[in-house]
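The next block holds one structure in the form of C-alpha cells; read it before the comments.
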Amino acid sequence: MEGGRVDCILVKDLSRFGRDYIETGRYLERYFPEKGIRFISVADQIDSLERVYNLFLPLKNILNEQYARDISDKVHMTIRSKQRMGKFIGAFAAYGYQKDPEDRNHLLVDEQAAAVVREIFQKYMDGSSIREIVEELNRKNIPSPSAYKRQKGYKYQNSRIAAEGQPWTYSGVCRILHSELYTGAMVQGKKEQYMHRRQIQRRPEEWIVVKGTHEALIESKVWKIVQEKLRKKAGNRKKL
C-alpha cells in the first residue's frame, strides 16, 4: 500500500488464481495481507478487504487442484492412446516429413528435406564423419532443420536456436542419425509431462514404437548399421 493506494488482484474464481492449494493458501492467508494486496474472487464471493475468508476456502483450493489433476490424467490417457495407435501428436513434423493436410496425425514425406536426410545417412555409411557432414551441409548453404521450418512459414521456436539462419550443428546431424522415425516407425513417449509442466525423461525401453505408420526414408538395415557405427564410435571415445 503506497499513498493510500491498494494493489488489487481480481480473478473470476480461485481455480483461475492457482491449483496448488498449499501455495494458494500461503498467498491468500500470509503474503497478500503482509503486502497490503487486496484479493477478490468474484464467483467465490471473496474480498480480502472485507475479511470474508471462511473455513471452506482451503477445501475449495484442494478441490480445484484435484480437478486439475483429473483433467491432466484424462489428457495424458488420450495422448498415450493415440501414441499406441501410431498417431503423430507433435506440433511439428520431424525434418524430412510434413503433416498430412487430410489427417494431422499422419506424416507425409517432404521430398526437399527428405533428400537431405537420405544424403546424411548415405555419407555416414560411406565413411564420412559427422563433423565432415556438418561442414559440407553448411558449405552448400543447405538450411538447417530449424531454419528450413521457418522458411516454410512454420511458427517454429527452439531454445537451442539463437538466430535466423542458424547453421547445421554436430548435435543436429547426430539426432537425425539416431532417429528410428526415418525407418517408417513412429517413436513417441520419450518424455512424460505432468501438472505444472514438469517433464520426466523415459528410458528407451519405455518409449512407444509403432512400425510402418508412414513412408520410410531409409531402410531398416541401413539404420541398424548406422546405429552400430555410432555405438562403436561412442565406445572408442569412452576408452580415450
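Values in this text are rule-based calculations from the coordinates and carry no lab data. Note that this is a predicted model, so its numbers are computed, not measured. Positions of Cβ are generated from backbone atoms using ideal geometry, with glycine treated the same way; all protein chains shown enter the neighbour counts.
At a glance:
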| quantity | calculated |
| --- | --- |
| Sum of side-chain charges, residue 97 neighbourhood, beta-carbon under 9 Å (Lys, Arg +1; Asp, Glu -1) | -1 |
| Distance-filtered residues of the stretch 120-134 - backbone nitrogen under 20 Å, label point 7 angstrom along residue 170 Cα→Cβ | 120-121, 123-134 |
| Most to least packed among 30-37, 107-114, 175-182 [average Cβ atoms within 10 Å] | 175-182, 107-114, 30-37 |
| Coordinate range along principal axes, alpha carbons of the stretch 100-155, Å, largest first | 40, 21, 13 |
| Too-long pairs where the Cα-Cα distance tops 20 Å, listed order kept, from 87/211; 74/99; 99/140; 99/224; 99/211 | 74/99; 99/140; 99/224 |
| Hz values of 3J(HN,Hα) by residue in the stretch 91-108 - Karplus curve (6.51, -1.76, 1.60), Gly and Pro given as x | 6, 10, 5, 5, 3, x, 10, 9, 6, 5, x, 8, 7, 5, 9, 10, 9, 10 |
